[in-house]
């Protein structure tokens, strides 16, 4: 799946986009965050506290307990601050 | 008619307001967000999620068109770096009467704050920090 990161999540991971194939046991966005946090020191920093993160699946905001169900694009980011 | 744009270029107020007036409206309401220099802020930088941002703003505009009798909605958001005093965001609504235009305009800016994927970074000279989301913005959006 394509993963996109924004704002300080992007900065902590060190890249804005990557392609990853998480193991089958990763079923939800929250589980994806947990798995990503084991992938590098940068990932560990970005994904240490899921309470600070929000997500979108295929460009729609979703709660973190949402099943991934074949998602093509998952974005992880802090709460939005536009306007 | 809906106009949505996400652009690093400055927002031209007079042109946007005139375009809304030309839709045959009896009333045009607008909100303009401007970079504040509070707490030593020298500039803002706006990041967004290309593709999703445009869809999210179009969806908001459509929701406003469905809820109020509007003749036009314009939502413009700048991205990139902006200095103090520069415009960040413009919301304009055109309707036959003031109430629809004013209410829809307030709805759009309240919901834009929580429903569109933008992230703001404040610069103070050479130092930058990401702005944290505020509960008051979530509360304002929820009231609609």
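The values are calculated or read from the model by the stated rules, or taken from the named source; none is laboratory data. Note that the structure is a prediction, hence the values are computed from the model and not measured. Using ideal geometry, Cβ is built from the backbone for each residue, glycine included, and neighbour counts are taken over all protein chains shown.
Residues checked against (1) in contact with a helix residue (DSSP H, G or I) (Cβ under 7 Å, 6 or more places away or on another chain); (2) crowded, with 22+ Cβ neighbours inside 10 Å; (3) under 12 Å from residue B:2 (Cα atoms); (4) within 14 Å of chain A (Cβ to nearest Cβ):
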| residue | (1), (2), (3), (4) |
| --- | --- |
| B:59 | no, no, yes, yes |
| B:65 | no, no, yes, no |
| B:85 | no, no, no, no |
| B:92 | yes, yes, yes, no |
| B:95 | yes, yes, no, no |
| B:103 | no, no, no, no |
| B:115 | yes, no, no, yes |
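Residues in segment A:18-55 that are closer than 18 Å to residue A:70 by Cα, touching a strand residue (DSSP E or B) at 6+ places or on another chain (Cβ under 7 Å) and free of Cβ contacts under 8 Å to residues at least 40 places away in the same chain: A:18, A:19, A:20, A:55.
If I filter segment B:67-79 down to residues being touching a residue at least 60 places away in the same chain (Cβ under 8 Å) and more than 14 Å from chain A (Cβ to nearest Cβ), which single residue comes out as surrounded by the most Cβ atoms within 10 Å (Cβ to Cβ)?
Residues of segment B:67-79 touching a residue at least 60 places away in the same chain (Cβ under 8 Å): B:71-79.
Next cut, more than 14 Å from chain A (Cβ to nearest Cβ) only: B:71-74.
Working: B:71: 20, B:72: 22, B:73: 29, B:74: 24.
The selected residue is B:73.
On the given criteria, is residue A:4 within 25 Å of residue B:51 (Cα to Cα) and assigned to a loop (DSSP other than H, G, I, E, B)? Here the answer is no, as residue A:4 does not meet what is asked.
Quick grid of which residues meet (1) within 14 Å of another protein chain (Cβ to nearest Cβ); (2) at pLDDT 95 or above; (3) touching a helix residue (DSSP H, G or I) at 6+ places or on another chain (Cβ under 7 Å); (4) part of a strand (DSSP E or B):
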{"site": "A:9", "(1), (2), (3), (4)": "yes, yes, yes, no"}
{"site": "A:12", "(1), (2), (3), (4)": "yes, yes, yes, no"}
{"site": "A:39", "(1), (2), (3), (4)": "no, yes, no, no"}
{"site": "A:44", "(1), (2), (3), (4)": "no, yes, no, no"}
{"site": "A:48", "(1), (2), (3), (4)": "no, yes, no, no"}
{"site": "A:61", "(1), (2), (3), (4)": "yes, yes, no, yes"}
{"site": "A:81", "(1), (2), (3), (4)": "yes, yes, no, no"}
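Being more than 10 Å from chain A (Cβ to nearest Cβ) and part of a strand (DSSP E or B) is the filter; apply it to segment B:32-43 and report the residue that is surrounded by the fewest Cβ atoms within 10 Å (Cβ to Cβ). Looking at residues that are more than 10 Å from chain A (Cβ to nearest Cβ) and part of a strand (DSSP E or B), I get B:34.
Regarding residue B:82, is this residue in contact (Cβ under 8 Å) with a residue 24 or more places away in the chain and part of a helix (DSSP H, G or I)?
Values: in contact (Cβ under 8 Å) with a residue 24 or more places away in the chain: yes; part of a helix (DSSP H, G or I): no.
The answer is no for residue B:82.
Based on this model, can you work out whether residue B:47 counts as part of a loop (DSSP other than H, G, I, E, B) and at the interface with chain A (Cβ under 10 Å from one of its Cβ atoms)?
On the way: part of a loop (DSSP other than H, G, I, E, B): no; at the interface with chain A (Cβ under 10 Å from one of its Cβ atoms): yes.
So residue B:47 fails the test.
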